[in-house]
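Below is one structure, written out as structure tokens, with a few remarks after it.
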Amino acid sequence: MSTANTAVEVPEPVLDYLQQRQTLTLATASPGGVPRASTFLYVNEGPNLYFWTRATTITARQVEQNPIVAFTIDHYTDDLSQTRGIQGIGECSVLLSGEDIARVADLFGQKFPSLSPGSTMSISFFRITPTELDFIDNTASGSGTSGSSGTFGAEFRRDRSYSVLTNLPIQYVETITTTLQGQTAAAGDTIVRQGTPADKLLIVVEGQAEVVRDDNGQERQIATLGAGDLFGEVAIMRDQPRSASVRATTDIKLLTLERDRFRDLIAQSMEITPDFDKVIRSRLDAQATG
């Protein structure tokens, strides 16, 4: 009896998750680099995944031409703290052995008893052998309110007042929240100083602050900040020192995102959501006329 090769060792919780889910989203590409994403029912043997489709589909043709694929297995939740899912890369190949085909068809019958692929003469079974596998499990971080960056990230995602980042696809939000850092300041503290390097973006989670600028020794207030407001993006985008200071007017909680990570995010997101473009352009216009 032939058996599938195992490319990666997978912990038991990940195998359990694979057993629980029913669909995967598969990304393939043509030799010319034209991408395609499709969703399939799947079964698994350990980390190896199996799906079926007709041999005439674009997915089948692209796999034949380029066997390297990417895939995700997840389920929807609007609470980031409950997010779980798998992202992977692997090699995809069609099953040719009649013994393998019969075994995998039986696995489909066990997992989906009400669904039959019909005659296996008209379809092809494919195996994905993962070479990279990432398991995202935000539930493992707990639900405490200790002020850790993970907790801040979950609160940030749930609060719809944060208009800039909440429209990002979930995969970007997951990436961002792993790099967000929590910061606090007391009323009267200076959070950033005018003229210093713009090393991070800051987002107000709770509390208030004022933005002040020193013009030839004369300090003037140019803005106030509350929950959901961000600052520092103009200096980062222009690669200039900070043009103003920010001072807490109440005790305040913040999220910070390092400069390089923010610039990467901008590059990824300009085509994904118009909010970034709108916010950045309005801030730049305000700087030019202010």
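Some values worked out for this structure:
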| quantity | calculated |
| --- | --- |
| Taking Arg127, Arg259, Arg54 and counting other C-beta atoms within 10 Å, the order from fewest to most | Arg54, Arg259, Arg127 |
| Net charge over other residues, Cβ less than 12 angstrom from the Cβ of Arg263 (K, R count +1; D, E count -1) | -2 |
| Sequence of Lys253, Lys111 once ranked by neighbouring C-beta atoms within 10 Å, starting from the fewest | Lys111, Lys253 |
| Two-site label geometry, Asn66 and Asp79: point separation in nm, points 7 Å out along Cα→Cβ | 4.0 nm |
| Neighbour net charge for Asp214 - beta-carbon separation under 10 angstrom, K R +1, D E -1 | +1 |
| Furthest towards positive pole of dipole, Ser243, Ile222, Gln208, structure part the range 203-263, Cβ charges | Ser243 |
| Net charge contributed by nearby residues that have their C-beta within less than 12 Å of Thr249 (K/R +1, D/E -1) | -2 |
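Every read-out reported here was derived from the displayed coordinates using simple, explicitly stated rules and does not represent laboratory data. Source: prediction; values computed, not measured. Don't worry about glycine lacking a Cβ; one is built from the backbone with ideal geometry, like all the others, and counts go over all protein chains shown.
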